[in-house]
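Heads up, the thing below is written out as structure tokens.
The values are calculated or read from the model by the stated rules, or taken from the named source; none is laboratory data. If you're wondering where the values come from, they're calculated on a predicted model, not measured in any experiment. Neighbour counts are summed over all protein chains in view; Cβ atoms, including those assigned to glycine, are modelled from backbone coordinates with ideal geometry. The accessibility values were calculated without ligands, DNA or RNA, using every heavy atom of the protein model including side chains. Shrake-Rupley method; radii C 1.70, N 1.55, O 1.52, S 1.80 Å.
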Amino acid sequence: MSGLSIPVFNMLQRWLKTGLIALLLVTLSVGLCAAGVRESRLPQGNAITDGKALLRYSLPIDNQQVRELQKSLEDISQQLRGKRWSTINADVKKAATIVSDRQSDILASIPDEQKPKAEALINQISENLVPLKAAAEAKNRPELLDQSASILNLVGELEEYMVQKFPFEVPAEYSNLPQLKGRATVKMTTEKGDLTLVLDGYSAPVTAGNFVDLVQRGFYNGLPFIRAEESYVLQTGDPIGKEEGFIDPKTKKYRAIPLEILVKGDEIPTYGITLEDAGRYRDQPVLPFSAYGAVAMARPESEVNGASSQFFFFLFEPELTPAGLNLLDGRYTIFGFVTEGKDVLQKLKQGDKIESAKVIKGAENLVQPK
């Protein structure tokens, strides 16, 4: 059965049960420094724990103003934890200033044919900043969260208009596999409720393309969840019968999907090798295991290119997986996040079934091999 390493899982369980997470992080820090890695090079700040935010940040765009707008709004939920109201008001003021004074800079990255839609989004963002400011001044936490989330959804739409073409070519050796040249949204209906998955082909086109292709084939319909580990993973995708992955009806062979990890700052993903084995210990994936509901491929522990159809939802508590300091980043391919239905994820157990999975947006971004 494909999946995450049992030794890794057992290790994580022991840390959780004995409360040694803090000690683990200190040990990692000391160990890295002893090995000649300067402490200043370790990941700084809090990990991003919202899948939607990670999807926004992973878009291949280069517009400083819209990124500053996004950052100021993303910061609100973080500052709310410490009730830092002055910082929150500063964030809201900064967002309003960017929208009112730097609209032309934002629109400069939008193709001409999309500018009318982008201008409408900016106007909507501007209008929604008014109740956001009122909520901040009134210290209305629920309203602040609702309003900032709503505006960030609009910012995400605006950023998507800035992506004018797919940013790289997948290596020719994987041209026999489906590729997702963009984003796609999948609605998955289960016995316990519905899940919405947003798949990121910009970061993992081969992995996401394989998944979308299997969804469109109806491969996952009726399959059970085969593994459910509390606060760790929920796994499915094992077909009925002796096979452990997808057998392509054209080739009659197991469709193997390579490990595919896009690192921050890289132009194309790294294929066929873990970041650890590549000696890239400090490098951070664009899609990290820091958000509840990350969607990732399962694979045999000894075969980095042995994934096929089995995948898992990541259920680990985000506070215990700071960016760059966990055991999964760089070892398994994340290709999306659950954006709706996280409460359903918490209810699903081993033996529960996927009733259906359908692509509801972005199917046109799937490119089949010639």
(message) Pull out all pairs, ordered by first then second residue, where Cβ-Cβ is under 7 Å, the residues are six or more apart or on different chains, the first lies in segment 232-255 and is closer than 15 Å to Val215 by Cα, and the second is at pLDDT 95 or above and open to solvent by 60 Å² or more (accessible area, probe 1.4 Å).
(response) Gly245/Tyr254; Ile247/Lys253; Ile247/Tyr254
(message) Anything in segment 125-148 that is in contact (Cβ under 8 Å) with a residue 24 or more places away in the chain and in a helix (DSSP H, G or I)? List them, or say none.
(response) Ile125, Ser126, Asn128, Leu129, Leu132, Lys133, Ala136, Glu137, Arg141, Leu144, Leu145, Ser148
(request) Please tell me if Lys250 is under 22 Å from Pro178 (Cα atoms) and at pLDDT below 95. (result) yes
(message) I'm checking my understanding of the structure. Among residues of segment 248-268 that are aliphatic (A, V, I, L, M) and within 16 Å of Pro369 (Cα to Cα), which one is least open to solvent (accessible area, probe 1.4 Å)?
(response) Ile257
(message) Looking at the structure I just gave you, is Glu355 acidic (Asp, Glu), within 22 Å of Pro167 (Cβ to Cβ) and at pLDDT 95 or above?
(response) no
(message) With the requirement that a residue be open to solvent by less than 30 Å² (accessible area, probe 1.4 Å) and part of a loop (DSSP other than H, G, I, E, B), what does segment 226-237 give you?
(response) Tyr232, Gly237
(request) Considering each residue of segment 294-311, count those that are touching a Lys or Arg at 6+ places or on another chain (Cβ under 7 Å) and surrounded by 24 or more Cβ atoms within 10 Å (Cβ to Cβ), and give that number. (result) 2
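For segment 84-100, how many residues meet the condition of being among the aliphatic types (A, V, I, L, M) and over 12 Å from Glu137 (Cα atoms)?
4
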